[in-house]
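As structure tokens, the structure follows; a few thoughts come after it.
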Amino acid sequence: MFSGKIIMAGWKSSLKEKDKITWEGQIHANSFVGDISGCSGDISKMSGYKDISKNNHSANVFDGVDDYVEVPHSSAQLGANLSNGFTISAWINPRSLGEASVGRIIDKNSGTNSFVFNVRTTNSVAFVINGGTQRQAGADAITLGIWQHVLVTISSGQLVNFYIDGVATGTADQDLVQTIATITSTEPILIGNRAATTATFDGSIAQVKMWNRVLTTEEITNDYSGITPANPIHYFKLGGDYRDYGSVGVTATNSGSVVEEVFDNNVNCSLATITTDSTASGASVVRNILIGAEETPPAAASVTQGTLYVQYTA
């Protein structure tokens, strides 16, 4: 067990591969314990192991004013081809609730004869079909300033369910009233805005996906964990990559949003696996944190004091 004060040098809100940080603190099993200097965010999230490979991605940053990414219209987006229900998911990191407090995650024709998935007041996410009855997840379903996975399913009978980080959130099976058949617009989909550019998302969006079916509970968990369920009709990684990895295969176009290299820091000072080995008391050691790797929690360190240097590696 290593005891002492944790000091982090050069901490960034978004870490990139090969960034280096220095730790001087306690390492025991998969926990980090001790006082902290130079570490931003919610310190209560510091302890514990978490696999972060699912969040190792790039993103587009939207300015909350007029940015968007445009996805060309496809017949796959029409209600006639979504009659079995559909699912939309994305990773978001909102700085605020966006323009007019209704920042768009994904919007087709401002919802007229179509659909909208957006953040909204009370720190929630909402969905609507054809300008009808808007339904939302519970209050404080999302948190500003951190990455989170948001997913919505719409059944063939227009019942909506929300999931945050893979967990069902809010009232189940809310009726959208307007039917999927009313989705008839041939306007493009916008990521991060609406057609009039008056509902701009403020923050980062990545990994936008859509399926023409309702994902199972297992598939929802998998999507949150970084395993894309089979046969999405749209899959845009973003972060400068506007290729559609879904079956539709269109190319999106960016308007104004900025590419961001993201390494998720939801758990702040404990981002990945730290490996240590036996080192004499008082000595300095250098160990790696494995980025984007599935790792089991490390065993307890046998270093008892001194400075432990930890290096992020590709």
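The values are calculated or read from the model by the stated rules, or taken from the named source; none is laboratory data. Everything quoted here is computed from the prediction, not taken from an experiment. Cβ: placed from backbone, ideal geometry, glycine included. Neighbour counts: every protein chain shown.
Only residues that are out of contact with any His (no Cβ under 9 Å at 6 or more places or on another chain), modelled with pLDDT of 95 or more and either assigned to a strand (DSSP E or B) or among the aliphatic types (A, V, I, L, M) (or both) were counted across region 143-164, and they come to 9. Per the conditions (1) at positive phi; (2) in contact with a Ser or Thr (Cβ under 8 Å, 6 or more places away or on another chain); (3) not hydroxyl-bearing (Ser, Thr, Tyr), the sole criterion not satisfied by GLY111 is (2). Filter region 212-257 for residues that are free of Cβ contacts under 8 Å to residues at least 60 places away in the same chain, more than 17 Å from the chain's Cα centre (by Cα) and surrounded by 18 or more Cβ atoms within 10 Å (Cβ to Cβ) and give the result. Once the filter is applied, which keeps residues that are free of Cβ contacts under 8 Å to residues at least 60 places away in the same chain, more than 17 Å from the chain's Cα centre (by Cα) and surrounded by 18 or more Cβ atoms within 10 Å (Cβ to Cβ), region 212-257 yields PRO232, GLY246.
Condition check ((1) surrounded by fewer than 22 Cβ atoms within 10 Å (Cβ to Cβ); (2) within 18 Å of THR216 (Cβ to Cβ); (3) aromatic (Phe, Trp, Tyr)) across all residues:
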site: THR153; (1), (2), (3): no, yes, no
site: PHE162; (1), (2), (3): no, yes, yes
site: ALA181; (1), (2), (3): yes, no, no
site: GLY192; (1), (2), (3): no, no, no
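Flag set for SER204, criterion: buried (at least 16 other Cβ atoms within 10 Å of the Cβ) and either on the phi > 0 side of the Ramachandran plot or assigned by TED's automatic domain parsing to the domain that holds ALA126 (or both). Can VAL102 be described as of a type outside the set (D, E, K, R) and over 20 Å from GLY157 (Cα atoms)? Judged against the criteria, VAL102 is a match.
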